[in-house]
1. Of everything in segment 21-50 that's over 30 Å from Arg64 (Cα atoms) and open to solvent by 80 Å² or more (accessible area, probe 1.4 Å), which residue is modelled with the highest pLDDT?
2. With the requirement that a residue be open to solvent by less than 10 Å² (accessible area, probe 1.4 Å) and either part of a loop (DSSP other than H, G, I, E, B) or touching a Pro at 6+ places or on another chain (Cβ under 8 Å) (or both), what does segment 95-121 give you?
3. Given the structure, is Gln65 over 28 Å from Gly159 (Cβ atoms) and either out of contact with any helix residue (DSSP H, G or I) (no Cβ under 9 Å at 6 or more places or on another chain) or not hydroxyl-bearing (Ser, Thr, Tyr) (or both)?
4. Go over the candidates Ala62, Ala57 one by one and state the one that is closer than 15 Å to Leu167 by Cβ, modelled with pLDDT of 95 or more, part of a helix (DSSP H, G or I) and not acidic (Asp, Glu).
5. Of everything in segment 196-217, what is open to solvent by 10 Å² or more (accessible area, probe 1.4 Å) and either touching an Asp or Glu at 6+ places or on another chain (Cβ under 8 Å) or assigned to a strand (DSSP E or B) (or both)? Give them in sequence order.
6. Yes or no: Val185 open to solvent by less than 60 Å² (accessible area, probe 1.4 Å) and in a helix (DSSP H, G or I)?
7. Output the residues belonging to segment 218-255 that are more than 30 Å from Trp17 (Cβ to Cβ) and assigned to a helix (DSSP H, G or I).
8. Go through Ala53, Ala69 for me and flag whichever is over 14 Å from Ala170 (Cα atoms) and either of a type in the set (Val, Ile, Thr) or surrounded by fewer than 24 Cβ atoms within 10 Å (Cβ to Cβ) (or both).
Amino acid sequence: MAAWGVPVIAALLFGAWQLSQPQGPSLKIALLSDDRFAGRIYNHPEANGEITAAFTAQIAEAGRQKPAAIVLPEKMLATGTVLTSDSIIVAGLDGRVKNIAALYQGAQTRLYFKKRMVPGLEAEYRPGHDELTTQVNGQSAGVAICKDMDFAPDLRLYGQRDVGLMLVPAWDFDRDRYLHGRMAVVRGVENGFAVARSASQGLMTLSDAHGRIVAEKPTINAPAMLIGDLPTGRGHTLYSRIGNVFAQGMLVLWLGLLALLFWRRVKK
């Protein structure tokens, strides 16, 4: 009973303590989507002008509420697209051989390249290898794309930098919208950052660093917008510092106990 009970009680107490900790300042974040254009740019690059015009109108509408950052879905526009706003914009671009998240900040545009591709569906894309961070109203923020959020070791690199907010273009497959969106929420809990995730054919989600869903909205076959005040995280989580040391320790302990059991049987 002690072997099972003590770790569970310790985890619950630690979780309760974590939930009581203050978060960082809130930032107004706008998530935009439009399922009419999901994946269209790949087969019809000539449609980029139409798609850009539609999202430019959405950006202008969202801009009236003065969000600190605006996030568009994955692979929504073509490379070379220029977007302007008083807000920071993160938009998913299809570069044919690169899956890109473009960070528009004033006159500067910086690019993040998706690291983790969907097997089979993105075989032609070459993965990126670097993180991308910026400042949003003085708060440290990072950029990732969709499936990147499934891989804890990759996002731990942002946690080690004490990033308080992740801006994430994404593209779901309707049926997996809840599962895939919640996997991104877990990355935020692990590393102490809030997540602003804008998906096509899925869920637009604002979640805080404690895993609370601040706001959420399913996308539709029309312009969709979600704007909310999102408390940023503070990083400094145990996981971002030690990684999987606890799990590795349990594995070593299990192997030790197994060896001890084997030794005792042999000795008899």
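The values are calculated or read from the model by the stated rules, or taken from the named source; none is laboratory data. The structure displayed is predicted, hence computed values, not measured ones. Note that we place each Cβ from the backbone using ideal geometry, even for glycine, and neighbour counts take in every protein chain shown. Side chains are part of the model used for accessible areas, which takes the heavy atoms of the whole protein and leaves out ligands, DNA and RNA. Shrake-Rupley method; radii C 1.70, N 1.55, O 1.52, S 1.80 Å.
1. So the residue we want is His44.
2. Ala101, Lys114
3. Values: over 28 Å from Gly159 (Cβ atoms): yes; either out of contact with any helix residue (DSSP H, G or I) (no Cβ under 9 Å at 6 or more places or on another chain) or not hydroxyl-bearing (Ser, Thr, Tyr) (or both): yes.
Against the criterion (over 28 Å from Gly159 (Cβ atoms) and either out of contact with any helix residue (DSSP H, G or I) (no Cβ under 9 Å at 6 or more places or on another chain) or not hydroxyl-bearing (Ser, Thr, Tyr) (or both)), Gln65 qualifies.
4. Numbers: Ala57 fails: closer than 15 Å to Leu167 by Cβ.
Of the residues listed, the single one that is closer than 15 Å to Leu167 by Cβ, modelled with pLDDT of 95 or more, part of a helix (DSSP H, G or I) and not acidic (Asp, Glu) is Ala62.
5. Gln201, Leu203, Ile213, Val214, Ala215, Glu216, Lys217
6. Numbers: open to solvent by less than 60 Å² (accessible area, probe 1.4 Å): yes; in a helix (DSSP H, G or I): yes.
Taking the combined requirement at face value, the residue satisfies it.
7. The first filter runs over segment 218-255 and keeps only residues more than 30 Å from Trp17 (Cβ to Cβ), leaving 218-227, 255.
Across segment 218-255, the qualifying residue is only Leu255.
8. Details: Ala69 fails: either of a type in the set (Val, Ile, Thr) or surrounded by fewer than 24 Cβ atoms within 10 Å (Cβ to Cβ) (or both).
Being over 14 Å from Ala170 (Cα atoms) and either of a type in the set (Val, Ile, Thr) or surrounded by fewer than 24 Cβ atoms within 10 Å (Cβ to Cβ) (or both) holds for just one of Ala53, Ala69, which is Ala53.
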